[in-house]
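So the structure is just underneath, and the comments pick up after that.
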Amino acid sequence: MTIQLDVSGMLSRAVPGGLSPERLEALAPRLAAAHAGLVADADRGILGFRELEVQAAERARVQAWAAAHRGGLEDVVVLGIGGSALGAVALRTALLPRDWNARSREQRGGRPRLHVLDNVDPRSVRGLLELVDLRRARFLVISKSGSTAETMSQYLLVRDRLAAAGVAPPDALCFVTDPARGVLRRVARDEAIPTFDVPPNVGGRFSVLSPVGTLPAALLGLDVDQLIAGAIAMRDRCASDRFRENPALAFAALQWRAHVEAGQGMHVLMPYSDALRDLAPWFVQLWAESLGKKQPGGAHVGPTPIVAVGATDQHAQVQLFMEGPADKTVTFLDVEEPDGGELTIPGGGPPELAYLGGHGFAELLRAEGRATAGALATMGRPTMTLRVTRADAWHLGGLLMLFELATIYAGQLYGVDPLDQPGVELGKQLTYYQFGHPDWQRMKAIWDALPPADPAWVL
Ligand code: PA5
């Protein structure tokens with residue numbers, strides 16, 4: 001069981017503009033300060049995602065409830081968005097066989113399907129509700145704030161449908177929300193709906209290891225204990241302020257330095273593993289929403305994370321990565337042992353294809369990853385590789401923790417608060433205004449001052 005971070009392809013001996021040993025030495029005090037900043041934040045109690053032991057009692061409650069309720073369930077439906085949805089998708093894709101929801105109940109070993117409804121397009125909402133038998137489903141309404149318009153509108157619809165079908169809300173709903181605040185908490189109390197807490201010091205995009213992720217995981221029968229064990233092992237491994245001993249600090253430092261010193265602010269995460277492909281959108285939200293900020297001095301900073309999938313994107317975005325602007329880093333995710341074992345490519349076909357026969361599909365996928373890294377190196381493009389033994393719960397927990405810690409370090413290095421998201425608010429408030437929300441009528445002045453579309457320029 002190992003997680004390795006190979007950063008050779010980010011160094012000056014590999015690519016022009018890469019990190020040199022002298023520069024690393026010069027940066028050491030800055031990195032030590034970033035680590036000290038993280039420790040200070042942890043001591044202030046604002047990094048709740050690290051406090052996995054403190055959350056053990058709530059996690060045990062989640063696991064016990066899930067064990068008691070998953071039997072007989074055909075569907076688990078997450079109603080949530082952003083940090084309240086992307087973690088569940090990443091866990092499902094990594095830890096369940098492909099096309100899980102398309103499998104028969106027998107093929108699923110009696111375990112439920114998992115749907116994550118993270119948008120309010122009526123096509124998706126209607127389509128999902130047409131599929132689900134309300135009497136054999138559990139809707140997980142996941143919202144830290146308990147007020148997000150997208151999630152609340154989904155909740156209102158489901159509530160309505162349950163009432164029409166004569167299903168009691170406590171039999172089909174479960175809430176995950178703040179322990180004290182928000183509408184969901186009040187409804188939970190009034191209507192006796194089973195509810196689990198998002199710790200107040202754990203923000204949405206850092207919440208995958210809280211009930212936000214562990215409740216869907218436990219209902220699916222996934223190994224929550226191993227997920228948490230892997231995360232704790234990674235957290236403890238990242239206890240040093242030295243680059244070589246702390247993969248989260250190394251990841252953050254290299255990405256930040258590539259951005260601010262070499263103009264490489266586009267950070268591609270490219271899993272060469274279908275199990276880990278939905279880790280990339282989860283990372284994108286974490287990196288973008290945490291680091292794209294206005295510094296206290298007023299400068300706008302932040303990297304642009306990009307999802308790519310190997311080998312698929314070798315036939316799409318890799319052309320851009322190779323010959324487009326030299327403004328990117330590429331981080332590969334590599335899995336040594338494929339889920340379900342190797343699958344051999346048969347020989348015996350046309351002679352032109354004989355070179356493939358007898359090799360494995362996983363062998364081919366990993367060779368393609370190495371080839372892409374090599375090709376990028378020939379163009380002087382920086383890459384690094386995160387390599388795991390297997391894409392199982394333990395390794396996934398480790399990767400999630402590594403990226404969360406790296407985000408805090410990167411916040412220190414960019415000089416921004418990675419835990420807030422003030423830039424998201426105005427859009428939300430203008431939506432509330434359009435819907436006549438009584439608390440947001442003061443948005444009228446901003447709304448009215450927006451330049452209207454000019455019909456002369458509507459083509
Ligand atoms: O990371 C975040 O804080 C956001 O992406 C939130 O997760 C998202 O806005 C949903 O918020 P809530 O869980 O309060 O409904």
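The values are calculated or read from the model by the stated rules, or taken from the named source; none is laboratory data. Quick caveat, the model's predicted, so the values are computed rather than measured. A quick note on method: Cβ atoms are made from the backbone with ideal geometry, for glycine too, and the neighbour counts reach across all protein chains shown. Note: accessible area is taken over every heavy atom of the protein model, side chains too, but ligands, DNA and RNA are not part of it. Shrake-Rupley method; radii C 1.70, N 1.55, O 1.52, S 1.80 Å.
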Quick check: is even one residue across segment 37-53 aliphatic (A, V, I, L, M), under 19 Å from L219 (Cβ atoms) and either at pLDDT 95 or above or not assigned by TED's automatic domain parsing to the domain that holds L279 (or both)?
no
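Quick one: is S104 closer than 30 Å to L419 by Cβ, more than 21 Å from the chain's Cα centre (by Cα), open to solvent by 40 Å² or more (accessible area, probe 1.4 Å) and of a type in the set (G, A, S)? Can you show your working first?
Numbers: closer than 30 Å to L419 by Cβ: no; more than 21 Å from the chain's Cα centre (by Cα): yes; open to solvent by 40 Å² or more (accessible area, probe 1.4 Å): yes; of a type in the set (G, A, S): yes.
The answer is no for S104.
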Checking the condition more than 26 Å from the chain's Cα centre (by Cα), outside any helix (DSSP H, G or I) and not basic (K, R), which residue from G340, G298, G374 passes?
G298
Examine segment 410-425 for a residue that is of a type outside the set (S, T, N, Q), surrounded by fewer than 21 Cβ atoms within 10 Å (Cβ to Cβ) and more than 30 Å from A32 (Cα to Cα), and state whether such a residue exists.
yes
Mind listing just one residue for me: the one in segment 194-208 that is assigned to a loop (DSSP other than H, G, I, E, B) and open to solvent by 10 Å² or more (accessible area, probe 1.4 Å) and, of those, nearest to the ligand (Cβ to nearest atom)?
G203
Among the residues that make up segment 278-288, is at least one of them out of contact with any His (no Cβ under 6 Å at 6 or more places or on another chain), closer than 18 Å to T383 by Cα, open to solvent by 10 Å² or more (accessible area, probe 1.4 Å) and not assigned by TED's automatic domain parsing to the domain that holds P179?
yes
Selection from segment 338-362 of residues that are modelled with pLDDT of 95 or more and either touching a strand residue (DSSP E or B) at 6+ places or on another chain (Cβ under 9 Å) or among the β-branched types (V, I, T) (or both)
E342, L343, T344, I345, G357, G358, H359, G360, F361, A362
May I ask you to say which residue of P382, P422 is touching a strand residue (DSSP E or B) at 6+ places or on another chain (Cβ under 9 Å) and within 14 Å of the ligand (Cβ to nearest atom)?
P422
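Could you identify the single residue in Q255, Q264 that is more than 27 Å from G48 (Cβ to Cβ) and crowded, with 24+ Cβ neighbours inside 10 Å?
On the way: Q255 fails: more than 27 Å from G48 (Cβ to Cβ).
Just one listed residue meets the conditions, Q264.
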Residue that is of a type in the set (F, W, Y), surrounded by 22 or more Cβ atoms within 10 Å (Cβ to Cβ), at pLDDT 95 or above and over 30 Å from D225 (Cα atoms), where the choices are F321, F332:
F321
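State yes or no: is D99 surrounded by fewer than 20 Cβ atoms within 10 Å (Cβ to Cβ) and in contact (Cβ under 8 Å) with a residue 60 or more places away in the chain? Walk me through it before giving the result.
Working: surrounded by fewer than 20 Cβ atoms within 10 Å (Cβ to Cβ): yes; in contact (Cβ under 8 Å) with a residue 60 or more places away in the chain: no.
It is false that D99 is surrounded by fewer than 20 Cβ atoms within 10 Å (Cβ to Cβ) and in contact (Cβ under 8 Å) with a residue 60 or more places away in the chain.
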